[in-house]
1. Working carefully through the options B:Lys432, B:Lys464, find the one that is of a type outside the set (Val, Ile, Thr), without any contact (Cβ under 8 Å) to a residue 12 or more places away in the chain and either surrounded by fewer than 15 Cβ atoms within 10 Å (Cβ to Cβ) or more than 14 Å from every other protein chain (Cβ to nearest Cβ) (or both).
2. Go through the stretch B:355-404 residue by residue and tally those that are open to solvent by 10 Å² or more (accessible area, probe 1.4 Å), within 14 Å of another protein chain (Cβ to nearest Cβ) and small (Gly, Ala, Ser).
3. Tell me which strands (runs of 3 or more DSSP E) are completely within the stretch B:151-194 and hold 1 or more residues being touching a strand residue (DSSP E or B) at 6+ places or on another chain (Cβ under 8 Å) and surrounded by fewer than 13 Cβ atoms within 10 Å (Cβ to Cβ), or say none if there are none.
4. Just one of B:Ala268, B:Ala247, B:Ala308 is buried (at least 24 other Cβ atoms within 10 Å of the Cβ) and small (Gly, Ala, Ser); which is it?
5. Of the residues A:Lys4, A:Lys81, A:Lys51, A:Lys36, which single one is of a type in the set (Lys, Arg) and within 12 Å of chain B (Cβ to nearest Cβ)?
6. Which condition does B:Asn90 not pass, out of (1) within 30 Å of B:Leu217 (Cα to Cα); (2) touching a Leu at 6+ places or on another chain (Cβ under 6 Å), if it passes all the others?
7. Restricting to the stretch B:298-331, count the residues that are touching a strand residue (DSSP E or B) at 6+ places or on another chain (Cβ under 6 Å) and in a loop (DSSP other than H, G, I, E, B).
8. On the basis of being assigned to a helix (DSSP H, G or I) and either open to solvent by 60 Å² or more (accessible area, probe 1.4 Å) or farther than 21 Å from B:Pro232 by Cα (or both), does B:Trp295 make the cut?
Amino acid sequence: METKKIQIVICTGTLCHVLGGAELPSLEQHLPDHLKNQVEIKGSPCINHCKNTDMRPPFVEINGEVIEQASITRIREHLEKLTANDSK
Amino acid sequence: MTPNKNNASIIRKDLLIRLYRELLSNDTANVDRIPIIIKPRGREPWRCCVYKDRAVLKYKIMSMLGYSEADEKDELTPLSWYAEHPKGTNSFYLNLIEEACSNCPPPSYVVTNLCRGCEARPCQVNCPKDAVSFQNGQAVINAENCINCGKCMRECPYNAIHYQPRPCEDVCPVDAIYQNPKGYEEIDMEKCILCGRCLQSCPFGAVIPSSDFPLLLEDMKSETPVVAIVAPAVAGQFRTSLEKIYAAIRNVGFDEVYEVAEGAEKTASLESAELLHLKAQNEHPGLMSSCCPAWVNFVKGNKQEWKAHVSDTSSPMVLTAQSVKEKIPNAKVVFIGPCLAKKEEAHSSAEVDYAITFEELGAVFVAAGIEVANQEADSMSEKTPEIGRGFSASGGVARAIEKVAGQKINAYIVNGIDKMSIRQMAKAVKDKKTDFFEVMCCEEGCLGGSQSLTSANEAKRIIKN
């Protein structure tokens, strides 16, 4: 059975890079193997969430859902939750 | 040390962005609003209340403009006034904001209530100074006898004893930061080498560097040609090509951009000539590198006896600036790098007018709406200064000198200054078996510089790709 991969879009814009997101594009190297195969990671310069002043950078989208103040640990946590739901 | 991964460093950059944004738009009146925008009424405070937070934010912005709390003659003077009269590094390089300092208690070992008052009592038995006693079934450390050796902490099977640090004092390699009688930390600028570790380690973000960008902006608006000279470490700062980074720098308002790596090649050949001359002697103490300004400060303030061993060769920054000034005599030359100590070196050199950091550069890009990856690649000089670019990493200077000298040299590398590494280096100096000492104050060299946007590991990863 082929499962659809989880789509991750990492903002690689200068604002997210400066305000704490510099390491996010290396996400794949920080993921354990069981998550690595289930995700498709893309980088995109400025995904426009910084225009919303109530939201805090850096930004990442996981299957369309916006994660603010994204960090490797936060993304991983989110992925673990998503994949746990799938296997049920 | 990894930048970015804490709020204090993010707030510092956020403030820089907001300040520069107003300066670029010529609307300094809005600077007054920044603390209120960040901490509106009702937002969860970091300190006791949002009003205290706002006061601290105000002093942080003042520091960036070159004003300390002591410069505040009238508390009603609005931030916008300071923004209109920036002093930059003319007043100080680093400011410790009393209002932000949390008066951390003295570094000490503390018994927590995890203590079960066991029968074994290894904390008490192993204490060399009889400082541990038991009251109401729990261990108590007598501060008068305690020498902070940490044995009790390591012996406790319940992990009940904790070390309570003063983060800024703990990381200072030269004991330049101390608590004054009022209970606030203070930096002894005679001793300080501007390594930037206190700034990175303070959990309250109480240490803030001043910025010359507001002064530079005035020059950019005038007819004076403004030239950027960029440290080789820039290659690991943005996830894109050097050509695009240089184009982005030009877009900020610089007329020309040069690589400091070009000056680094000159440094390498002058320093290797110096070394070969020294090696011709039978016994010599070894030549010490001179390109890291924090290291040069360290020798000046803390190790005078090594002063004669430090190379006379000028730093890559100064040599690059010299060649720029030969070409464009009326240019304002601006160094851009990962380093706080370069601000001081720039100030004291005739060739360099300002030094700004990668943090400041990143903030300028954001404030000016410059998307680095979307730039049209700039054309670079035809000759790539490969050897010079290596200067940004620990070991790179020694490698460059060996290459230029064309022979094997016995190099001793200090990858990060701390008390231990200096003690070990002192032994090597005594042994007189080393030809060349390469000393970089920051771990991983300039790639791990205190004012970087990326961690050293990430920078290496970016350069590799």
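1. Within the list B:Lys432, B:Lys464, the selection yields B:Lys464.
2. Summing the residues that are open to solvent by 10 Å² or more (accessible area, probe 1.4 Å), within 14 Å of another protein chain (Cβ to nearest Cβ) and small (Gly, Ala, Ser) in the stretch B:355-404 gives 4.
3. Hits in the stretch B:151-194: B:161-164.
4. Matching residue, one of B:Ala268, B:Ala247, B:Ala308: B:Ala268.
5. Testing whether each residue is of a type in the set (Lys, Arg) and within 12 Å of chain B (Cβ to nearest Cβ) leaves just A:Lys51.
6. (2)
7. Let us first name the residues in the stretch B:298-331 that are touching a strand residue (DSSP E or B) at 6+ places or on another chain (Cβ under 6 Å), namely B:299, B:309-311, B:317, B:320-321, B:324, B:331.
Then drop every residue that is not in a loop (DSSP other than H, G, I, E, B), which leaves B:311, B:331.
Count: 2.
8. no
The values are calculated or read from the model by the stated rules, or taken from the named source; none is laboratory data. None of the values given here were measured: they were computed from a predicted structure. Every residue, glycine among them, receives a Cβ derived from its backbone with ideal geometry; neighbour counts consider all protein chains shown. Areas reflect the complete protein model, heavy atoms only, side chains present, ligands, DNA and RNA absent. Shrake-Rupley method; radii C 1.70, N 1.55, O 1.52, S 1.80 Å.
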